[in-house]
Amino acid sequence: MNILCTIHARKDSEGLKNKNIKLLNSRPLIVYTIDQAIKSKLFDKVVVSTDSKKIQKIAKKNSAYSWFLRQKKLSASSSGKIYAIRDTLIRSEIFFKKKFDIVVDLDVTSPLRKIKDIKNSFKSFIKNNFEILFSVCEAKKNPYFNMVEIVKKRIKLVKTANTIVKSRQEAPKVYELNASIYIWNRDVLLKKNTLITKKTGIYIMPVQRSLDIDNKFDFDIVSYLMRKSKMKDKF
């Protein structure tokens, strides 16, 4: 079984300038994810897809493969990431002259994940014969209880349960994608543009490892948590 790890990092970021290579406790943010991928020892190849020569140089220096610059149409903030991942798979199969059976994408902005999260999510993917698996955490807000929308100028709950929900604890449990780990069967990745199929699974991560860096506030929180727990030394 050949397993490809992909890591995607654009040079532009609307929320935080150059966040993918911004120094997080003295290391470029992307290096945490590269290190986790390599130290997991799960992958035949770890490939970084980027539109930046600077990011590419950092990736190579830290033992990841990066031999191409991503096309502009796949690097815009409005571009769907699945198309970039598919592009990386196709390029990798040509470059390495081999077919990959499974693709695991690790998001740069989720450095608090642990190597065990990568390994355990992969084990679940294989054990349950999923086509797709992605990581989640318990949602902070629940659409059955404290999330509303405006429909025809009237306020209503986003979701309605079969019984009256009087507290968050009584509401059906829901999860949010935490932008950390995504796993695909190769053929499904090449054919489908959605994460949800009849054979999609989830891997539940704790909230404290699910922070997704989108802006300076997120960055500062992650930096503080890493310094406090010395997590940077545990990867």
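The values are calculated or read from the model by the stated rules, or taken from the named source; none is laboratory data. This is a predicted model, so every value here is computed, not measured. With ideal geometry, Cβ positions are generated from the backbone for all residues, glycine too; neighbour counts draw on all protein chains shown.
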Candidates 210, 223, filtered to the one that is at pLDDT 95 or above and surrounded by 15 or more Cβ atoms within 10 Å (Cβ to Cβ): 210
Scanning the stretch 45-95 for residues that are of a type in the set (Asp, Glu) and under 19 Å from the mean Cα position of the chain (by Cα) gives 51, 87
Which one of these does residue 202 not meet: (1) under 16 Å from residue 110 (Cβ atoms); (2) in a helix (DSSP H, G or I)? (2)
Take the residues in the stretch 139-195 that are closer than 30 Å to residue 112 by Cβ and among the small types (Gly, Ala, Ser); name whichever of them is modelled with the lowest pLDDT. 167
Identity of the residue in the stretch 25-39, out of contact with any Pro (no Cβ under 6 Å at 6 or more places or on another chain) and crowded, with 20+ Cβ neighbours inside 10 Å, that ends up nearest to residue 216 (Cα to Cα): 29
Between residues in the stretch 92-109 that are without any contact (Cβ under 8 Å) to a residue 40 or more places away in the chain and residues that are part of a loop (DSSP other than H, G, I, E, B), which pairs lie under 6 Å by C-beta distance while being six or more apart or on different chains? 93/99
Of all residues being farther than 22 Å from residue 45 by Cβ and among the aromatic types (Phe, Trp, Tyr) in the stretch 92-148, which is surrounded by the most Cβ atoms within 10 Å (Cβ to Cβ)? Just the residue, please. 145
For the stretch 58-82, how many residues are surrounded by 13 or more Cβ atoms within 10 Å (Cβ to Cβ), of a type outside the set (A, V, I, L, M) and at pLDDT 95 or above? 5
Pair list, Cβ under 6 Å, 6 or more apart: the stretch 123-135 residue free of Cβ contacts under 8 Å to residues at least 60 places away in the same chain, other residue crowded, with 18+ Cβ neighbours inside 10 Å: none
